[in-house]
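The values are calculated or read from the model by the stated rules, or taken from the named source; none is laboratory data. This is a predicted model, so every value here is computed, not measured. No Cβ is skipped: glycine too gets one built from the backbone with ideal geometry, and neighbour counts run over all protein chains shown.
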Amino acid sequence: MKFLFKRLNTKSLRQILWNLTLISFGSALCAVSINGILIPQKFLSSGFVGLALTIHYFFPALTLAWIYFSLNVPLFVVGWKIVGRRFFFYSLAGMVIFSCAVQWIHVCVPIQDKILNALLAGIITGVGSGIILRSLGSGGGLDILSVIMLQRFSIRLGSTSLAFNAVILMGGALLFTLERALYTLVFVFVSSYVLDIVVTGLSQRKTVFIISPKWKEISEEILYKIGRGLTIIEGKGGFTGQNEQIIYAVITFRELVEFKRIIRRKDPSAFVVVTDTLEVMGNRIGTQPHW
């Protein structure tokens, strides 16, 4: 019993350290983008970092880290009530780590071209934010709102970010210049796209429907060669009126090539539909985030 308790404690400790490592590494990348590119180029940013940068440009005496920390306080009340305590505590740690990273990490990026700066900043920020959201928490700010929208309405993280940041961009165009807002738009678009890839894109699932008279042979190949479960749906042809057996399966992107080979080998004339999935819940094939 003591051994089991000790093992559970060790496992929990490793999980905490792993998640804090993800948050720290992601925050460091975001800090490199902010201090190395966004501030020197006078770009804005997305979410609460964008709000903090706007305030910082008007009041340079206020540090960006302190402004960002202060803006996050109301969101953590919402995160506690809606998302859950585990996410709250990890995000609280993430907010502190993120603020410290922005305060202390300063890396010079020797690129002069503004559009290249916007692209590079978008890539670095997207990867950093994605790594943070691969943990059990977030770095605060818009990450919390994005997770809430994903939890409640299945809206992609990047989509929430783009919609919310439209207000930031319009404000930037009015308060500063249209050129600065357009460079920021490039940055926000790239970072949102990379964010989706890092968080969900690499584990995206495909839904497959197969209609074939050789459905039994195809099913056996899928079950025993690919090792993927499936469901047989009873159907009827709209024109012929004949009963049809429809194979329904959810597979990974990597399995798609082998899936097609099996179908071509067993029945080249089979009717096949492959679609992307937004979210899948399940132990073996599920992609639902852990927030």
_Filter the range 199-218 down to the residues that are assigned to a helix (DSSP H, G or I) and surrounded by fewer than 20 Cβ atoms within 10 Å (Cβ to Cβ) and list them by number._
Gly201, Leu202, Ser203, Trp215, Lys216, Glu217
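Applying the selection to the range 6-27, what residues are touching a helix residue (DSSP H, G or I) at 6+ places or on another chain (Cβ under 7 Å) and either at positive phi or among the β-branched types (Val, Ile, Thr) (or both)?
If the condition is that a residue be touching a helix residue (DSSP H, G or I) at 6+ places or on another chain (Cβ under 7 Å) and either at positive phi or among the β-branched types (Val, Ile, Thr) (or both), then Ile23 is the only one that fits.
The rows are residues; the columns are (1) of a type in the set (Asp, Glu); (2) within 30 Å of Leu116 (Cα to Cα).
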residue: Val190; (1), (2): no, yes
residue: Ile197; (1), (2): no, yes
residue: Thr207; (1), (2): no, no
residue: Ile210; (1), (2): no, no
residue: Lys214; (1), (2): no, no
residue: Gly237; (1), (2): no, no
residue: Glu244; (1), (2): yes, no
*Might you let me know whether the range 98-115 holds any residue that is assigned to a helix (DSSP H, G or I), assigned by TED's automatic domain parsing to the domain that holds Glu179, among the basic types (Lys, Arg) and under 27 Å from Tyr183 (Cβ atoms)?*
yes
*Among the residues of the range 230-245, which ones are surrounded by 14 or more Cβ atoms within 10 Å (Cβ to Cβ) and either acidic (Asp, Glu) or closer than 16 Å to Lys206 by Cα (or both)?*
Leu230, Glu244
*What residue, among those in the range 220-248 that are more than 33 Å from the chain's Cα centre (by Cα) and assigned to a helix (DSSP H, G or I), is farthest from Pro268 (Cα to Cα)?*
Glu220
*Go through (1) farther than 17 Å from Leu44 by Cβ; (2) surrounded by 16 or more Cβ atoms within 10 Å (Cβ to Cβ); (3) modelled with pLDDT of 90 or more one by one and return the number of the condition Lys114 breaks.*
(1)
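For every residue, the table says whether it meets (1) of a type outside the set (S, T, N, Q); (2) surrounded by 20 or more Cβ atoms within 10 Å (Cβ to Cβ).
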site	(1), (2)
Gly36	yes, yes
Ile55	yes, no
Pro74	yes, no
Ser99	no, yes
Leu120	yes, no
Val127	yes, yes
Leu136	yes, yes
*Failed item, numbered, when Ser45 is tested on (1) in a loop (DSSP other than H, G, I, E, B); (2) at pLDDT 90 or above; (3) under 15 Å from Ser129 (Cα atoms)*: (2)
*First in the range 28-41 and on the phi < 0 side of the Ramachandran plot, second anywhere and part of a helix (DSSP H, G or I) and charged (D, E, K, R), Cβ under 9 Å, 6 or more apart*: Gln41/Lys114; Gln41/Arg180
_Take Ile168 and tell me if it is crowded, with 16+ Cβ neighbours inside 10 Å and not polar (S, T, N, Q)._
yes
_Qualifying position, being within 25 Å of Ile34 (Cα to Cα), aliphatic (A, V, I, L, M) and modelled with pLDDT of 85 or more, among Leu162, Leu223, Leu178, Leu145_ = Leu178
